[in-house]
1. Mind listing whichever residues of the stretch 348-397 are assigned to a loop (DSSP other than H, G, I, E, B), surrounded by fewer than 12 Cβ atoms within 10 Å (Cβ to Cβ) and within 46 Å of the chain's Cα centre (by Cα)?
2. What is the residue count in the stretch 7-42 for residues that are in contact with a helix residue (DSSP H, G or I) (Cβ under 9 Å, 6 or more places away or on another chain) and polar (S, T, N, Q)?
3. Which of the residues that make up the stretch 1-18 are in contact with a Pro (Cβ under 8 Å, 6 or more places away or on another chain) and crowded, with 24+ Cβ neighbours inside 10 Å?
4. Within the stretch 57-69, does at least one residue satisfy the condition of being part of a helix (DSSP H, G or I) and surrounded by 17 or more Cβ atoms within 10 Å (Cβ to Cβ)?
5. Restricting attention to the stretch 34-53, does a residue exist that is part of a loop (DSSP other than H, G, I, E, B), in contact with a Pro (Cβ under 6 Å, 6 or more places away or on another chain), modelled with pLDDT under 95 and not aliphatic (A, V, I, L, M)?
6. With the condition being closer than 18 Å to residue 326 by Cβ, I'd like the strands (runs of 3 or more DSSP E) fully within the stretch 248-290 carrying at least 3 qualifying residues.
7. Among the residues of the stretch 220-258, how many are surrounded by 16 or more Cβ atoms within 10 Å (Cβ to Cβ) and either among the hydroxyl-bearing types (Ser, Thr, Tyr) or free of Cβ contacts under 8 Å to residues at least 12 places away in the same chain (or both)?
8. Only residues that are over 19 Å from the mean Cα position of the chain (by Cα), part of a strand (DSSP E or B) and crowded, with 20+ Cβ neighbours inside 10 Å: list them for the stretch 291-322, please.
Amino acid sequence: MSDVLFYLGLDDTDAPEGMCTTWLGTLLAQTLQKSGMRVLESRLVRLNPTIPYKTRGNAAICLQIKGDPAYAFMVACEMVSSHAVLSCQNTHPGIVVSLRKPPSDFYLKAVTDICSIEEAKRIISEYALYHQEYKLGRGLIGATAAICSEFSDFTWEFLAYRKRDRFLVPRIFDADSFFLSEELTSPKTWDTWDYDEARPVCIPHSPDPVLYGIRGDSPFSVAHAASVINSEPYDLFHIWKTNQGTDAHLVLFTGDNLHEGVSYFMKGTVLEDPVTKEGGHVSFRLQVESSTILCMAFEPTKKFRDYVRLLRKGDVILAAGSFLRDTLNLEKFFLYSAEPYAIKKVPVCPVCNKRMTSAGSGKGYKCRSCGHRERTYENEYQDRAISQGWYEVPPGSRRHLSRPLKRGFVSPDL
């Protein structure tokens with residue numbers, strides 16, 4: 001089998017202190033191409049962002065290749081053995097090679113829910129030609145999901161990788177060039193620059209092979225944006241087709257039981273004005289059908305919290321976020337209407353034109369000057385500082401899978 005179409009999935013080779021599965025995938029793709037094989041497609045597949053045992057961004061890769069699957073599998077195994085951070089207690093690589101593409105159901109579960117190694121192995125036993133697990137073999141889940149992946153929506157990422165002798169030293173780059181890149185290519189690219197923080201947000205902080213990553217709507221857009229960047233020379237680069245920026249992780253909450261670690265769209269009514277808690281976190285309760293759900297905008301979401309604070313009791317919103325520890329961690333929300341807000345005021349005496357005072361509990365209001373009485377308060381309507389529409393976290397706080405508003409407004413009528 002030296003000239004057949006096959007799929008190679010790889011996952012869980014990195015660690016918090018270094019390495020990157022996409023770098024290993026790039027190295028593998030280039031090695032196989034040099035041997036005469038053709039890499040027809042490269043996929044960067046983000047999976048459920050709430051998984052507690054993920055090493056960093058929970059990304060697997062899949063290469064669609066025309067060539068010799070046995071040789072490709074051998075090379076992949078050698079690279080994982082040489083480069084994966086096997087010393088890390090949370091790193092458990094997996095490699096899967098298949099001549100057939102399994103059904104996408106497993107991918108859909110892996111990006112929205114939690115899958116087991118046993119589930120992955122059932123698919124492997126039916127579809128895979130070769131597979132290899134290291135340590136606990138948890139990477140088989142991501143590798144299998146990547147091979148199964150079907151994207152109803154997709155974006156692209158240009159990833160530049162550092163020279164190996166620079167993996168552990170600070171990155172050298174001209175920040176202004178990232179600003180210029182965003183200015184020249186937005187909205188066809190996004191999340192390169194954070195305007196509120198005035199800094200690039202596409203550069204990792206960990207000592208791994210990635211120099212920077214540019215995300216956009218086509219291979220041409222991301223390549224154009226990267227051509228503007230002024231930085232230390234990169235050693236390798238690769239353009240990945242990906243489910244990043246698509247909201248693939250979000251499912252519509254239909255009123256059934258909430259599940260820990262699942263990310264939802266949910267439409268509901270704000271039950272109270274949001275409050276700011278210790279640490280700068282902002283919270284409110286949302287009534288969704290028969291469920292009352294605590295929603296939270298955490299301090300790292302920065303300016304987004306200001307929009308959350310402008311919500312008022314009675315507002316109807318579509319909230320999006322991950323359900324963790326009995327709380328919906330907000331990523332964005334849509335406000336359906338921003339009607340003027342009624343504030344209860346002590347009435348003004350129609351005779352004296354003076355503000356009245358309480359006549360006692362349950363007794364209404366009384367004018368001290370003339371004795372005129374009113375039974376109820378009066379409403380004063382104030383215009384809102386927020387309008388109908390979508391509101392999202394800033395680029396530096398956005399999940400890899402979250403769809404940015406720059407990609408266009410999505411109808412909230414799901």
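The values are calculated or read from the model by the stated rules, or taken from the named source; none is laboratory data. What you see is a predicted model, and the numbers here were worked out from it, not measured in a lab. Counting neighbours? That spans all protein chains shown, and the Cβs are built from the backbone with ideal geometry, glycine included.
1. Listed by number, the residues that qualify are 383, 385, 387.
2. So the answer is 5.
3. So in the stretch 1-18, the residues in contact with a Pro (Cβ under 8 Å, 6 or more places away or on another chain) come out as 1, 4, 6, 8, 10-13, 17-18.
Passing the criteria: 6, 8, 10, 11, 12, 13.
4. Going residue by residue through the stretch 57-69, those that are part of a helix (DSSP H, G or I) are 69.
Now narrow it down to the ones that are surrounded by 17 or more Cβ atoms within 10 Å (Cβ to Cβ): 69.
Checked against the condition, which is being part of a helix (DSSP H, G or I) and surrounded by 17 or more Cβ atoms within 10 Å (Cβ to Cβ), the stretch 57-69 yields at least one hit.
5. We begin by selecting, within the stretch 34-53, every residue part of a loop (DSSP other than H, G, I, E, B); these are 35-37, 47-53.
Subsequent filtering for residues that are in contact with a Pro (Cβ under 6 Å, 6 or more places away or on another chain) retains none.
Looking through the stretch 34-53, none of the residues is part of a loop (DSSP other than H, G, I, E, B), in contact with a Pro (Cβ under 6 Å, 6 or more places away or on another chain), modelled with pLDDT under 95 and not aliphatic (A, V, I, L, M).
6. Numbers: elements: 250-252, 263-270, 282-288.
The qualifying strands (runs of 3 or more DSSP E) are 263-270, 282-288.
7. Count: 5.
8. Selection gives 293, 317.
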